[in-house]
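Q: My structure is below; once you've seen it, I'll send some questions.
The values are calculated or read from the model by the stated rules, or taken from the named source; none is laboratory data. Note that the coordinates shown come from a computational prediction; the quantities given were computed from them, not determined experimentally. Please note: Cβ atoms are built from the backbone with ideal geometry, for glycine as well, and neighbour counts cover all protein chains shown.
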Amino acid sequence: MFFSEPFLKIYSESLPDNNMIIRGEKPSDIELISETTKIAFEDYSFSHQTEHFIIRDLRDAGALTISLVTEVDGRIVGHIAFSPITVSDGTTNWYCLGPVSVLPDYQGHRIGTAMVKNGLALLKSMGGKGCVLVGLPTYYIRFGFENHPQLILEGTPQEVFVAKPFIGRVPNGTVEFHQAFKQLSVVEKDTIADVIIDYDIGGIRVDLANPAIESLIEKEILIEMPDGKVMMRTSVLEDYDSYFAKVGQFRAAEMSRVHKNPILTAVKYGTNA
């Protein structure tokens, strides 16, 4: 669901610039939101450059609960997204803040602060009970976010996973973000493509020190074997990229067929049947 003019009239006092407005996303904004997000994150070493894909997939899944853009003199210079989360203790109506982006030339002008404040106020007005995010506590503490040890996001350092309850208690359990947050970087996709091409029924030998390989092992898409080879788990890959998973399944089936047929094996390996 998206929000526009009525929201601006209520919360416009938090805007740092008279020429700036924050409004709900419109269909005509979609490409500009993607471009703004890509540019905003391209110089950050921690980014896998997948933030614009996260927003796209949240939108396509109907899980983009709030999508706000910031305009300065009619130009979109910032964007913030909120989406639902699930918590293992059954708590409902909690959300995730992010991605949030501001074009480099407009950073340092409190645009991000204004979007966060407006987004949180809107989320609370919609009946949201709380919000979580992954970010620096030293920055987000100003909005009321704190670390709560009983709330866990697996695979994320506890010190950078923070929460802000609007009402009631902070949940006690493991948080899961929407499926859209499971994205592979371009480098990881290239590595998966290489693994699929070189696939062998007994696994393939890779450079285990390669950061992309390490990341794919951490995601459990690749499984390290005792002989230094890896095997690919297409069932896990499906959670990140359904197309690559289908290609991987086809390749595995093909190699299994070759392995079982001595004539095809002879053709593949250039041996005498």
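Q: Is it the case that E146 is touching a strand residue (DSSP E or B) at 6+ places or on another chain (Cβ under 7 Å) and among the charged types (D, E, K, R)? Let's see the steps before the verdict.
A: Working: touching a strand residue (DSSP E or B) at 6+ places or on another chain (Cβ under 7 Å): yes; among the charged types (D, E, K, R): yes.
Taking the combined requirement at face value, the residue satisfies it.
Q: Evaluate segment 35-46: report whether one residue or more is closer than 22 Å to K189 by Cα, modelled with pLDDT of 95 or more and among the β-branched types (V, I, T).
A: Yes, segment 35-46 has at least one match.
Q: Here's another thing I want to ask about it. For Y199, only one of the following conditions fails: (1) among the aromatic types (F, W, Y); (2) touching a residue at least 60 places away in the same chain (Cβ under 8 Å); (3) touching an Asp or Glu at 6+ places or on another chain (Cβ under 9 Å). What is its number?
A: (2)
Rundown of residues vs (1) in the same structural domain as N93 (by TED's automatic domain parsing); (2) within 15 Å of I66 (Cα to Cα); (3) outside any helix (DSSP H, G or I), yes/no style:
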site: K117; (1), (2), (3): yes, yes, no
site: V132; (1), (2), (3): yes, yes, yes
site: Y140; (1), (2), (3): yes, no, no
site: H148; (1), (2), (3): yes, no, yes
site: E154; (1), (2), (3): yes, no, yes
site: K164; (1), (2), (3): yes, no, yes
site: R169; (1), (2), (3): yes, no, yes
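Q: So how many residues does segment 19-73 have that are among the charged types (D, E, K, R) and buried (at least 22 other Cβ atoms within 10 Å of the Cβ)?
A: Taking segment 19-73 and keeping what is among the charged types (D, E, K, R), we get 23, 25-26, 29, 31, 35, 38, 42-43, 51, 56-57, 59-60, 71, 73.
If we keep only those that are buried (at least 22 other Cβ atoms within 10 Å of the Cβ) too, we end up with 25, 51.
Qualifying residue count, segment 19-73: 2.
Q: If you scan segment 179-227, which residues turn out to be in contact with a Ser or Thr (Cβ under 7 Å, 6 or more places away or on another chain), hydrophobic (A, V, I, L, M, F, W, C) and under 25 Å from E254 (Cα atoms)?
A: Passing the criteria: I201, I213, L216.
Q: Can you tell me which residues in segment 69-96 are in contact (Cβ under 8 Å) with a residue 12 or more places away in the chain and more than 23 Å from E176 (Cα to Cα)?
A: V69, T70, E71, V72, D73, I76, V77, G78
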